[in-house]
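Visitor: Pasting in a structure now, in structure tokens, and then I'll have a few things to ask.
The values are calculated or read from the model by the stated rules, or taken from the named source; none is laboratory data. Computed from a predicted model, the values in this text were never measured in an experiment. With ideal geometry, Cβ positions are generated from the backbone for all residues, glycine too; neighbour counts draw on all protein chains shown. We work out accessible area using only protein heavy atoms, side chains counted, and drop any ligands, DNA or RNA first. Shrake-Rupley method; radii C 1.70, N 1.55, O 1.52, S 1.80 Å.
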Amino acid sequence: MTPAQRKVYDEVVGGPRGMMVGPLRAALHNPELADLWQQFGALLRYRTSLDPRHSELAILVTARTWICPFEWIQHEPAALAAGLGPDIVDAIRHGRRPSFDRQDDAAVHDFTEELQAQRTVGDATYAAALDALGIAGVVELTALIGYYTLVAMTLNAHAFDLPAGASDPFEGVKA
């Protein structure tokens, strides 16, 4: 590694991620890009008004939209740890709308799904997200969805291998 690459690597490994995985490995070929990328990602994942449950829900919907196994594998445990039930996670993995007990979860899911599918959101979907998250939360959610779309695109474009021992979570459910 160059000194600039080593500096970014050390910041990532020393931060909340604790390791250099996924798209940052590709971005590290341009240390300035990797540094800004990791800062933006850390902000969106760890320092927003969003409940981790909602962040991970949006990330899983994005991973499913992009059929990104690596992103899914990295975030499924975090989603479960944040309180999403296995039935919700499994429904998303299979491309079905989960049955939600909480309106805030439904609002986050529907906003994320609609934004990915329609490239915009309708008034009712926006209003539900606004009611659940507030204006700052909706702005942060939109940025989070965009960021994890970039992550998924990068992982898919560079065909990252899955972690050792992991299997494709979308095997047989990609349709």
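Visitor: Kindly check whether there is at least one residue in the range 144-152 that is closer than 25 Å to V21 by Cα, open to solvent by 60 Å² or more (accessible area, probe 1.4 Å) and at pLDDT 95 or above.
Guide: Within the range 144-152, one or more residues are closer than 25 Å to V21 by Cα, open to solvent by 60 Å² or more (accessible area, probe 1.4 Å) and at pLDDT 95 or above.
Visitor: List every residue pair whose Cβ atoms sit under 6 Å apart, with the two residues 6 or more apart in sequence or on different chains, where the first one lies in the range 92-115 and is in contact (Cβ under 8 Å) with a residue 60 or more places away in the chain and assigned to a loop (DSSP other than H, G, I, E, B) and the second, anywhere, is surrounded by fewer than 19 Cβ atoms within 10 Å (Cβ to Cβ) and among the β-branched types (V, I, T).
Guide: If the second residue must be surrounded by fewer than 19 Cβ atoms within 10 Å (Cβ to Cβ) and among the β-branched types (V, I, T), the pairs left are H94/V173.
Visitor: Right, next: Just for the range 76-98: of the residues that are open to solvent by less than 20 Å² (accessible area, probe 1.4 Å) and in contact with a helix residue (DSSP H, G or I) (Cβ under 8 Å, 6 or more places away or on another chain), which one is nearest to V173 (Cα to Cα)?
Guide: Selected residue: I92.
Visitor: To continue, here is another question. Which condition number in (1) part of a helix (DSSP H, G or I); (2) loosely packed, with under 14 Cβ neighbours inside 10 Å is the one that G18 fails?
Guide: Of (1) part of a helix (DSSP H, G or I); (2) loosely packed, with under 14 Cβ neighbours inside 10 Å, only one is false for G18: (1).
Visitor: Which is surrounded by fewer than 20 Cβ atoms within 10 Å (Cβ to Cβ) and modelled with pLDDT of 95 or more, of D105, D101?
Guide: Result of the check over D105, D101: D101.
Visitor: Filter the range 82-91 down to residues that are without any contact (Cβ under 8 Å) to a residue 12 or more places away in the chain and not charged (D, E, K, R) and give me whichever is nearest to R64 (Cα to Cα).
Guide: The residue in question is A91.
Visitor: Quick one: is A124 in a helix (DSSP H, G or I), in contact with a Cys (Cβ under 7 Å, 6 or more places away or on another chain) and among the aliphatic types (A, V, I, L, M)?
Guide: No.
Visitor: Follow-up. Could you say whether any residue in the range 47-63 is of a type in the set (K, R), at negative phi, surrounded by fewer than 21 Cβ atoms within 10 Å (Cβ to Cβ) and outside any helix (DSSP H, G or I)?
Guide: Yes.
Visitor: Something else now. Determine, yes or no, whether L33 is assigned to a helix (DSSP H, G or I), closer than 24 Å to V138 by Cα and either open to solvent by 60 Å² or more (accessible area, probe 1.4 Å) or among the hydrophobic types (A, V, I, L, M, F, W, C) (or both). Give the derivation first.
Guide: On the way: assigned to a helix (DSSP H, G or I): yes; closer than 24 Å to V138 by Cα: no; either open to solvent by 60 Å² or more (accessible area, probe 1.4 Å) or among the hydrophobic types (A, V, I, L, M, F, W, C) (or both): yes.
Here the answer is no, as L33 does not meet what is asked.
Visitor: Another question about this same structure. Quick check on the range 122-129. Is at least one of its residues in contact with a Gly (Cβ under 8 Å, 6 or more places away or on another chain) and either closer than 16 Å to E56 by Cα or open to solvent by 80 Å² or more (accessible area, probe 1.4 Å) (or both)?
Guide: Yes, that holds for at least one residue.
Visitor: If we scan the range 157-167, do we find a residue that is touching a residue at least 24 places away in the same chain (Cβ under 8 Å), closer than 23 Å to G83 by Cβ and surrounded by 18 or more Cβ atoms within 10 Å (Cβ to Cβ)?
Guide: No; the residues of the range 157-167 include none that is touching a residue at least 24 places away in the same chain (Cβ under 8 Å), closer than 23 Å to G83 by Cβ and surrounded by 18 or more Cβ atoms within 10 Å (Cβ to Cβ).
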